[in-house]
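These notes are about the structure you will find just below.
The values are calculated or read from the model by the stated rules, or taken from the named source; none is laboratory data. Bear in mind that the values here come from a model prediction, so they are computed numbers and not experimental data. Cβ atoms come from the backbone with ideal geometry, glycine included; neighbour counts cover every protein chain shown.
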Amino acid sequence: MGEHDWHYPAPTCGDATWTRLAELVAGGEYLLHGSQTPGLDVLEPNAPLDFSPDAFSKATAVFATEDPTWAMAYALRSPARRRFLNACFYRGGSAGDWSERRIFLSYAVGDDGHPTLSPGVVYVLGRDAFTRMPSYTDPALGLITECQFVSTAPVRVVTEISVGPANLPIEPHFHDDDVVSERSARRPDGFPWLD
């Protein structure tokens, strides 16, 4: 797997659940947040466990995205999760349309050698409270714009939609967390460390 071969186009269609999420964000009023915790009325800012080199991804904030697949992927991480390798972005200095979006997902397998995916929820949130991550230059990809937004204030939930592994419209990668941890320690800029 070469450094430019690990990403692939984000899907532009999926099942009925994915389609509902895509339709909700299509008008530009809403963003999505994947979670393993159902039943919340307000999302509070939290400091994520994040291995990215940038400070933005480590902010104490509510994180959200315009991409339904990426939101689902976060919702499906089980409570026993280990490192979740992921990216969702546009090439260049601004957000484009669906066809320009690129996505990557890889879940760590558990001690039994199986991926740890569990049903979760995707929260629909009003977009007004959020700021998009600024574009930046990636060492391998050049200038990119991530599908990532943050709000440093609490955000009220508009609605929640239950999701399961069968709703994910792409086949993610799976990896051994110990191997990835060792490779990332040797080469911090070598994301996604799968070979």
For residues that are under 15 Å from Tyr107 (Cβ atoms) and among the acidic types (Asp, Glu), tally how many sit in the range 159-195.
-> 4
Where residues in the range 69-88 are free of Cβ contacts under 8 Å to residues at least 60 places away in the same chain and among the aromatic types (Phe, Trp, Tyr), which of them is nearest to Val180 (Cα to Cα)?
-> Phe84
When residues of the range 124-158 are limited to those that are exposed (fewer than 14 other Cβ atoms within 10 Å of the Cβ) and touching a helix residue (DSSP H, G or I) at 6+ places or on another chain (Cβ under 8 Å), the one farthest from Ala95 (Cα to Cα) = Ala153
Is there any pair with a first residue in the range 28-48 that is in a strand (DSSP E or B) and a second that is among the basic types (Lys, Arg) whose Cβ atoms are under 6 Å apart and which are 6 or more apart or on different chains, and what are they?
-> Tyr30/Arg127; Leu31/Arg127; Val42/Arg156
Residue check, Arg102 against (1) surrounded by fewer than 21 Cβ atoms within 10 Å (Cβ to Cβ); (2) modelled with pLDDT under 90, all met but one. Which one?
-> (2)
Only one of Pro38, Pro48 is in contact with a strand residue (DSSP E or B) (Cβ under 9 Å, 6 or more places away or on another chain), surrounded by fewer than 16 Cβ atoms within 10 Å (Cβ to Cβ), within 19 Å of Gly120 (Cβ to Cβ) and at pLDDT 95 or above, namely Pro38
Any residue at all in the range 52-59 that is modelled with pLDDT under 95, crowded, with 20+ Cβ neighbours inside 10 Å and closer than 28 Å to Ala153 by Cβ?
-> no
Strands (runs of 3 or more DSSP E) completely within the range 104-195 that count 2 or more residues being within 15 Å of Ala87 (Cα to Cα), in contact with a Phe, Trp or Tyr (Cβ under 8 Å, 6 or more places away or on another chain) and in contact (Cβ under 8 Å) with a residue 24 or more places away in the chain = 142-146, 173-175
